[in-house]
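J.: To start, I am sharing the structure in question, which I have written as structure tokens.
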Amino acid sequence: MVTSTIQPAEISDKVTLPTVTKTLNYQIVIIGAGAAGITTASLLFNQNHSLDIAIIDPSDKHYYQPGWTLTGGGVFQIQDTVRNQRDVIPQDATWIKDKVIHLDPEHNQVLTQAGFQVRYDYLIVCPGIQIDWHLISGLKEALGKEGVTTNYSPRYAPYTWELIRNFKGGNALFTFPNTPIKCGGAPQKVMYMADDTFRLKWGVRQRTNVMFFSPGNRMFSVPEYSHLLENVVKEREINVQFRHNLKAIIAETKTALFDILDNNGNVIDQVSYPYDMIHVAPPQSAPDFIKHSPLAIPNNSYGWVDVDAYTLQHKRYPNVFSLGDASSLPTSKTAAAIRKQAPVVAKNLLALMASKPLISQYDGYTCCPLITGYDRTIMAEFNGYNTTVLSSFPLNPVKERAIMWTMKVTALPWIYWNRMLTGDRFEGEYIKFMQWKK
């Protein structure tokens with residue numbers, strides 16, 4: 001779930017809270033009806049239909065967010081990625097269609113924008129990530145026109161495809177921010193589809209300078225996948241600029257301004273590049289109501305919910321759990337990671353309720369299907385805690401494969417809507433005995 005950002009001037013240590021209009025009580029409260037919240041609720045109900053669960057989320061639409069990259073690449077329409085929220089929330093759950101603005105774990109309660117004081121015995125925090133558009137000067141005002149786009153919003157993903165298919169040549173820039181983000185491969189995926197499209201039109205690729213900008217020093221966090229992607233950009237003659245962080249969009253002159261960083265992340269210089277189109281992956285963080293709460297990691301600017309990396313239980317409030325993009329789990333923020341995190345939360349929460357030990361552990365598994373063209377994908381599975389390459393298939397994953405493109409486009413969306421959100425077992429477990437091993 002994508003949440004809007006409060007501008008810095010609006011943030012205060014003394015936030016004015018609404019008057020309490022109603023007090024509600026639930027056994028379990030889940031903040032967020034995205035992939036993490038719905039999957040976890042379904043898993044809990046699959047174990048016990050008598051649980052009293054409330055899900056708090058203001059959105060009446062539920063998006064399959066991995067589909068936004070495919071929308072930007074012209075494969076999906078944006079309507080292919082959305083369902084009504086009511087249709088995916090478990091029927092036994094109570095949906096509070098509101099936004100949480102204050103967390104009070106000392107008193108086991110949260111406060112919503114409408115003034116609902118929602119008390120709980122147990123809390124699961126998974127509201128998704130916050131898009132911090134304001135951290136790139138001029139970006140918010142420039143988006144959606146004159147060549148500036150992003151696939152990190154359903155509003156702008158269709159414009160990405162409009163730019164790509166109508167591109168006549170020039171500078172095509174693709175950026176990665178200097179913060180953790182959901183789906184770390186997404187800024188590259190759209191670039192490779194754009195490059196494919198440019199090559200299909202006579203003379204366009206020859207007139208185009210495709211550039212990728214990253215504040216890091218390699219293409220991907222896992223060395224084996226990074227090496228493979230380095231070969232991809234070399235073969236495609238894509239100009240990669242490491243240690244570059246997008247600072248501003250100057251729409252009047254169609255110029256992108258970058259900070260140049262040293263190996264410690266310090267700004268040592270600035271440089272600007274003209275663009276004819278630019279796809280921006282924006283800075284991201286935990287939602288502000290988490291940042292300014294006792295649940296956040298102390299003295300951490302991103303504000304992630306401070307949980308144990310294995311049990312997913314909060315480090316200071318034992319009746320609180322968190323998973324997904326807003327959690328502190330040190331692995332890539334993907335739907336595949338949530339698929340393996342949600343069962344751990346469900347099992348450990350039920351164990352806590354039964355006064356039993358929390359023995360279920362998350363192992364850092366995640367997956368990022370790296371689209372490298374319209375007929376090939378690297379199914380990049382790995383352990384995010386130690387960057388070990390994994391595979392749920394009897395195939396070496398460190399390779400571009402057509403079958404994985406088909407998996408990405410057809411199988412994974414179906415699995416998301418029909419199995420993941422309903423709490424069904426992870427498909428890879430059925431063929432575990434066949435899995436490739438390094």
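The values are calculated or read from the model by the stated rules, or taken from the named source; none is laboratory data. Keep in mind that what you see is a predicted model, and the values were worked out from it rather than measured. Counting neighbours? That spans all protein chains shown, and the Cβs are built from the backbone with ideal geometry, glycine included. Side chains are part of the model used for accessible areas, which takes the heavy atoms of the whole protein and leaves out ligands, DNA and RNA. Shrake-Rupley method; radii C 1.70, N 1.55, O 1.52, S 1.80 Å.
Residues checked against (1) aromatic (Phe, Trp, Tyr); (2) touching a strand residue (DSSP E or B) at 6+ places or on another chain (Cβ under 7 Å):
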{"site": "Met191", "(1), (2)": "no, yes"}
{"site": "Phe213", "(1), (2)": "yes, yes"}
{"site": "Leu228", "(1), (2)": "no, yes"}
{"site": "Asn239", "(1), (2)": "no, yes"}
{"site": "Asn245", "(1), (2)": "no, yes"}
{"site": "Thr253", "(1), (2)": "no, no"}
{"site": "Asn263", "(1), (2)": "no, no"}
{"site": "Ala281", "(1), (2)": "no, yes"}
{"site": "Ile297", "(1), (2)": "no, no"}
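J.: Counting just the residues of the stretch 399-430 that are surrounded by 13 or more Cβ atoms within 10 Å (Cβ to Cβ), of a type in the set (A, V, I, L, M, F, W, C) and touching an Asp or Glu at 6+ places or on another chain (Cβ under 8 Å), which one comes out farthest from Ala335 (Cα to Cα)?
T.: Among them, the one singled out is Trp405.
J.: Related question: Which of the numbered conditions does Phe198 fail, given that it passes all the others? Conditions: (1) open to solvent by 10 Å² or more (accessible area, probe 1.4 Å); (2) over 30 Å from Tyr385 (Cα atoms); (3) not β-branched (Val, Ile, Thr).
T.: (1)
J.: Let me ask something additional. Would you check if Tyr273 is hydroxyl-bearing (Ser, Thr, Tyr), over 28 Å from Gly428 (Cβ atoms), open to solvent by 30 Å² or more (accessible area, probe 1.4 Å) and part of a strand (DSSP E or B)?
T.: Taking the combined requirement at face value, the residue satisfies it.
J.: Considering only the stretch 198-245, state which residues are under 25 Å from the mean Cα position of the chain (by Cα) and assigned to a strand (DSSP E or B).
T.: Result: Val210, Met211, Phe212, Phe213, Ser214, Val240, Gln241, Phe242, His244, Asn245.
J.: For residues in the stretch 303-328 being touching a residue at least 40 places away in the same chain (Cβ under 8 Å) and of a type in the set (A, V, I, L, M, F, W, C), which is surrounded by the fewest Cβ atoms within 10 Å (Cβ to Cβ)?
T.: Out of the qualifying residues, it is Ala309.
The rows are residues; the columns are (1) touching a residue at least 12 places away in the same chain (Cβ under 8 Å); (2) over 30 Å from Gln188 (Cβ atoms); (3) out of contact with any Gly (no Cβ under 7 Å at 6 or more places or on another chain).
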| position | (1), (2), (3) |
| --- | --- |
| Lys61 | yes, no, yes |
| Leu70 | yes, no, yes |
| Gly74 | yes, no, yes |
| Asp80 | yes, no, no |
| Asn84 | yes, yes, yes |
| Trp95 | yes, yes, yes |
| Asp98 | yes, yes, yes |
| Glu106 | yes, yes, yes |
| Gln117 | yes, yes, yes |
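J.: Could you please find all residues in the stretch 212-250 being open to solvent by less than 50 Å² (accessible area, probe 1.4 Å) and β-branched (Val, Ile, Thr)?
T.: Val222, Val232, Val233, Ile238, Val240, Ile249 - these are the residues of the stretch 212-250 that are open to solvent by less than 50 Å² (accessible area, probe 1.4 Å) and β-branched (Val, Ile, Thr).
J.: Right, Ala256: over 18 Å from the mean Cα position of the chain (by Cα), buried (at least 24 other Cβ atoms within 10 Å of the Cβ) and touching a residue at least 60 places away in the same chain (Cβ under 8 Å) or not?
T.: When the stated conditions are applied, Ala256 passes them.
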